[in-house]
2 protein chains.
Amino acid sequence: MTPEQIVTELKALLDDGKVLDDPENLDHYGRDWTKMHAPKPVAVVFPRSTEQVQALVRFANEHRVALVPSGGRTGLSAGAVATNGEVVVAFDYMNQVLDFSPSDRTVHCQAGVITEQLQQFAEDNDLHYPVDFASAGSSQLGGNLSTNAGGIKVIRYGMSRDWVAGLTVVTGKGDVLHLNRDLEKNNTGYDLRHLFIGAEGTLGFITEATMKLTRQPDHLTVLVLGLNDLTNTMDVLQTFQKQIDLTAYEFFSHEAMQHVQTHGSVQAPFETEAPYYALLEFEAVSDQVMDDAMTLFEQCMENGWVMDGVISQSETQAHNLWQLRERISESIAPRTPYKNDISVIVSKVPEFLREIDDVVTHHYPDFEIIWFGHIGDGNLHLNILKPEDMSKDDFFGKCQQVNKWVFEIVERYGGSVSAEHGVGLIKKDYLTYTRSPEEIAYLRGIKQVFDPNGIMNPGKVFDLD
Amino acid sequence: MTPEQIVTELKALLDDGKVLDDPENLDHYGRDWTKMHAPKPVAVVFPRSTEQVQALVRFANEHRVALVPSGGRTGLSAGAVATNGEVVVAFDYMNQVLDFSPSDRTVHCQAGVITEQLQQFAEDNDLHYPVDFASAGSSQLGGNLSTNAGGIKVIRYGMSRDWVAGLTVVTGKGDVLHLNRDLEKNNTGYDLRHLFIGAEGTLGFITEATMKLTRQPDHLTVLVLGLNDLTNTMDVLQTFQKQIDLTAYEFFSHEAMQHVQTHGSVQAPFETEAPYYALLEFEAVSDQVMDDAMTLFEQCMENGWVMDGVISQSETQAHNLWQLRERISESIAPRTPYKNDISVIVSKVPEFLREIDDVVTHHYPDFEIIWFGHIGDGNLHLNILKPEDMSKDDFFGKCQQVNKWVFEIVERYGGSVSAEHGVGLIKKDYLTYTRSPEEIAYLRGIKQVFDPNGIMNPGKVFDLD
C-alpha cells in the first residue's frame, strides 16, 4: 500500500479528523524526549476506544503496516519513536476516567489518562495514587505501564506494576483481552497482565487499566542528611528502615546540589558542606515517630555517618527540601546531559558508583559527572555534562564509548542497564549486558505468540532475529 | 523406556539414595492434600541443586518422560499430583538458605525451604517474612511461588509474588535462567519472573528464589467485631482503611465460630451473638493509633454497623482472638468439607456471597455451609459440610453439581474460580469461567515456547489441545 492509500483506509476506521499526515504532526508525534532519531511515520491516528484500537491492529495485520504507540512522549529510551514509515497510534483522546469504586479503591482509566490527572482524581476522592516522577504532568498511564515506571516513592509504594488491578489490551493478533478482572487474588494460569506491563508495546497495546489507590499519606516529613562517605548511605538506610517505614530515600552529590543552587533560588539545607546528601521522607503520624526519627538521626551522627542534617517542621519546609532533589534534572538540562539509568542491588551501590566514577573520570577528566537517584532502590542516574567547548556530536560519540565501560561494570555487578527508562531503541544493543542469550530467545518466542506478524512497535527492545 | 530403565538412568544423574520407586514412597510423593486422585508415578527423585534439576529436565526431554514437581504437598487443587507414570521431582533436599544480605533485606533460598523456616530465619535476623497461611509449617517456597500463595496478610503485604527479588528456574527446554538478578528496579524486556510465579510448574521448575524481607511488625493489635449484616463488612473496612493501615481483615460466620468453640477451648469474643464477625489487625505503634481505632470503632457502633466488639490488650489476647479465625479449618475437618476458593472484587462480596448461599441452600437444604475468608481481598472460602447420613461419593458427586452453579455466579460477577489455591487438575475444567478462550489460547502458546515437548507437569492448569 502507498502512504496515501494507508491514510485513506485509516480514515474509514476512525472518527473525523482523527487521522493526521501533515509534516508538523508527523514530526511531533513521531518522537519522544530522546530526540536522537529522525521521525518518519506515515500517519498519526487518534483512536477513541478499545474497539477502534482493535480495528487498527486488524488493519495493520491485513496490510502488514507497523504500529507505534504514543503516550505523553516523555520516554528516555526512544521506545515510542517512529522512524520507518509506521502508523503512530496516539492515545491523547483516550483520556477518560471511566469508572471509580471507592470501596474497592480502584479507578478504571483509558490508557491516555495523564499521570497527574490520575493523581489529582485520587486526591479529589480523598485517596492517593503514589507513583510519581518528574514527567507526571505529561506522561500517560499507558506509557507508564508499558515501561513499568518507577520514580521517587518506589521504596514504599513499588513500581507502576504494583498498582494494576486489571488491564485491557489489544494483542498483536488483534484480540481484546481483559486481564485479571480487577481482582486482588486470582490464581488461574499465567498472569498475562504482568507480561504486558513493561513490554513497551511490543506484544500489543494497553488500552485501559484499572488502577489501585491507597489512603493519602499523613504528615509527610523530610530529613536531609549530609554524608561523609558513600558507604554511609547504606548504614543510614538500614538504621532508619528498622524502625520507620520510609516513603522515599533519595541521594544526590554535592555537585548536583550546586547546580540546583546556581540555577534557582534554592537554599542549601545547612552550612556544613558534605560530599553526598541523602533525603529521607516518612509519615510523622505521631510525636513518637518524630522522636524516633530524632533518636535515629542522633545515632547516625554519633556513629560518624552523618555530618549534619535538617528536618522539616512544616509542609512548606518539606516541599522546599524536596526541591534540592527534584530540580536537579532541570538545573543541568542547559548543559546537554547524557543520561544513564542503571541499577544494582542496594548493598553494592557505593562500590559500584565509585568504580564507574573512577572509569569515567579517568578516561574523560574534562567531563563533569552528576550523580543522583533513588538510592533506596539501587537505582542511580549517571549524568555526564557536555564540556562547553565540545561539539554535541563529538560529545555523544564519546558517551557511546563511555557506555561500553559503564555497562561492563553493570554486567560485572549483576545490575541492570535500564532500571526504569526501558530499552526502546537506545538500549537495545546493550540488552545482553542484563539479559542472557537464552532469556532473549524466550522473549522472541513470546513476541511470536502475541504478534506473529511483527507489527507492534517493531525494532524496539530487541530485533526479531 | 520401561519404568526400570528410567529408574536406572535416573540413578546415574543423582546422588546415592536419591531415587525411590517403592510403592509406599510412590504413593506418598504422588499426592497432595486433595487425595482425590490415585497416584501412579514411576519414580520419586530428590535433586540437590539447580544443576541436577537441569540434568533431569534434559533427560526427560530426551526420553519424553513427564516430570511433576513436589514441594510440601499441601496443595488443594491437585497441582502436584502424579497419576500417569510421571517422575516426581521432590525438592525436600533443596532446603538450604544459601545467602542473606541484611542491607538488601533479601534472602536467597533453595526451592525446598519450608515457609515457616523462612519466617523463622527472618525473625532470627530481626526481620520479617510476611506471607503466612495455615500450611506454612509444611509448604515449600517453590510451591508457594508456583501457586502465588496468598494467605491472611495479603491486605497489607500482598501475595508471594510481591516478595520475589529474583528467581532461578529450569525451563521445560532445560535452560537455566536467572530472572531479575535480585534487582528492585529493572526494565529490560518482558518480566519472565512473573510468568513463572503462579505457573504451577507447567513452564519449568523454580529451583531457587531470592525473597525480600521487611521490618518486623510492631504491637500487633486485634479487633473482633460482631456485624449485623454482610454489607456492613464493607462499611467497616472503608471506615478503618481511611485512617489505619490494616495488616489483616478477615471474616467468618457465626456457624464457623460455633464449630471452633465446639471443637476446642476457644471463648466467644463477647456475649452478643452476631450473624457475622470481622477480625481486624493493625500495628498500634502509638497511643494515638489506639485512640484512632477506638474512635473508628465507636463510629461503626453509632452507625449501627457493629453490634459489639473487643480489642486485644496484650499479645496473648491478640493470639487468642486469632484462634477464632485460624482454627476454623481444623474444626470442620472431621465433617469432610468440600472446599471452594473463590474471589470477586471487594465491593461485590456481600451480594455475591448471598447469591451463592441462596443457591446452595435452595438446592441442598441439608448441606451445612460454612463461610470464612480473606474478605479484605475479596477472597471467600466456601465450605460445604457432608451430612452425616450421606456417603462420601454421593456427597462429592452432589458438590460437583454445586460447583457448576457456584462458578456460573462467579462468572457473572467477573470473579475467579481460584483465588489462591491454583488450578491443578481439580479446577482445570472450570478455567473458562475466569479466563476467556482467547486468553487460554495464549497460555497454550506460551507453554509451547518454554516446554515444547510438554513434559513439565502435563495436564495441569489446561490441556494442550
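The test for being within 10 Å of chain A (Cβ to nearest Cβ) and open to solvent by less than 10 Å² (accessible area, probe 1.4 Å) does not hold for B:G414.
Is one or more of the residues making up the stretch A:442-464 in a helix (DSSP H, G or I), within 11 Å of chain B (Cβ to nearest Cβ), within 20 Å of the chain's Cα centre (by Cα) and surrounded by 17 or more Cβ atoms within 10 Å (Cβ to Cβ)? Can you show your working first?
Let us first name the residues in the stretch A:442-464 that are in a helix (DSSP H, G or I), namely A:442-450.
This time we only want the ones that are within 11 Å of chain B (Cβ to nearest Cβ), so: A:442-450.
Now restrict to residues that are within 20 Å of the chain's Cα centre (by Cα): none.
Looking through the stretch A:442-464, none of the residues is in a helix (DSSP H, G or I), within 11 Å of chain B (Cβ to nearest Cβ), within 20 Å of the chain's Cα centre (by Cα) and surrounded by 17 or more Cβ atoms within 10 Å (Cβ to Cβ).
Of all residues in the stretch A:221-233, none are in contact (Cβ under 8 Å) with a residue 40 or more places away in the chain, under 20 Å from the mean Cα position of the chain (by Cα) and either over 21 Å from A:V344 (Cα atoms) or within 14 Å of chain B (Cβ to nearest Cβ) (or both). Inspection of the stretch B:273-293 identifies no residue that is exposed (fewer than 14 other Cβ atoms within 10 Å of the Cβ), hydroxyl-bearing (S, T, Y), modelled with pLDDT under 90 and not in a helix (DSSP H, G or I).
From the list A:R193, A:R161, the lone residue that is within 18 Å of B:I155 (Cα to Cα), among the charged types (D, E, K, R), within 10 Å of chain B (Cβ to nearest Cβ) and open to solvent by 10 Å² or more (accessible area, probe 1.4 Å) is A:R161. Scanning the stretch B:1-34 for residues that are part of a helix (DSSP H, G or I) and touching an Asp or Glu at 6+ places or on another chain (Cβ under 8 Å), we see that the one that is most open to solvent (accessible area, probe 1.4 Å) is B:P3.
Among the residues making up the stretch B:36-52, those that are touching an Asp or Glu at 6+ places or on another chain (Cβ under 7 Å) and either touching a residue at least 60 places away in the same chain (Cβ under 8 Å) or more than 11 Å from B:V87 (Cβ to Cβ) (or both) are B:P39, B:F46, B:R48, B:T50. Scanning the stretch B:283-316 for residues that are within 14 Å of chain A (Cβ to nearest Cβ) and out of contact with any Phe, Trp or Tyr (no Cβ under 8 Å at 6 or more places or on another chain) yields B:E283, B:A284, B:V285, B:S286, B:D287, B:Q288, B:M290, B:D291, B:D292, B:W305.
To keep it simple, each residue is scored yes or no on (1) open to solvent by 10 Å² or more (accessible area, probe 1.4 Å); (2) facing chain B (nearest Cβ under 8 Å); (3) touching a Gly at 6+ places or on another chain (Cβ under 7 Å); (4) farther than 18 Å from A:L380 by Cα.
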| site | (1), (2), (3), (4) |
| --- | --- |
| A:F396 | yes, no, no, yes |
| A:C399 | no, no, no, no |
| A:F407 | no, no, no, no |
| A:V410 | no, no, no, no |
| A:E420 | yes, yes, yes, no |
| A:Y433 | yes, no, no, no |
| A:E439 | no, yes, no, yes |
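Which of (1) at pLDDT below 95; (2) among the hydroxyl-bearing types (S, T, Y); (3) surrounded by fewer than 17 Cβ atoms within 10 Å (Cβ to Cβ) is the odd one out, the single condition B:T83 does not satisfy? (1) is the only condition that B:T83 fails. Is there a residue being part of a loop (DSSP other than H, G, I, E, B) and open to solvent by less than 10 Å² (accessible area, probe 1.4 Å) anywhere in the stretch B:219-233? The answer is yes; a qualifying residue exists.
For the stretch B:347-381, the set of residues classified as in contact with a Ser or Thr (Cβ under 8 Å, 6 or more places away or on another chain) and in a strand (DSSP E or B) consists of B:I369, B:I370, B:W371, B:F372, B:N379, B:L380, listed by residue number. Of the residues making up the stretch A:86-136, those that are polar (S, T, N, Q), away from chain B (no Cβ under 14 Å) and open to solvent by 10 Å² or more (accessible area, probe 1.4 Å) number 7. Hey, any hits in the stretch B:172-192 for a residue that's assigned to a helix (DSSP H, G or I), closer than 30 Å to B:L296 by Cα and outside the structural domain of B:L56 (by TED's automatic domain parsing)? No, the stretch B:172-192 contains no residue that is assigned to a helix (DSSP H, G or I), closer than 30 Å to B:L296 by Cα and outside the structural domain of B:L56 (by TED's automatic domain parsing). Of everything in the stretch B:334-346, what is assigned to a helix (DSSP H, G or I) and either open to solvent by 40 Å² or more (accessible area, probe 1.4 Å) or not assigned by TED's automatic domain parsing to the domain that holds B:K427 (or both)? Give them in sequence order. Result: B:P334, B:R335. Of all residues in the stretch B:166-175, which are within 8 Å of chain A (Cβ to nearest Cβ) and not hydroxyl-bearing (S, T, Y)? Listed by number, the list holds a single entry, B:D175.
The values are calculated or read from the model by the stated rules, or taken from the named source; none is laboratory data. The structure displayed is predicted, hence computed values, not measured ones. All Cβ positions, even for glycine, are placed from backbone atoms using ideal geometry, and neighbour counts span all protein chains on display. The protein model used for the area step is the full one, side chains on, heavy atoms only, and it has no ligands, DNA or RNA in it. Shrake-Rupley method; radii C 1.70, N 1.55, O 1.52, S 1.80 Å.
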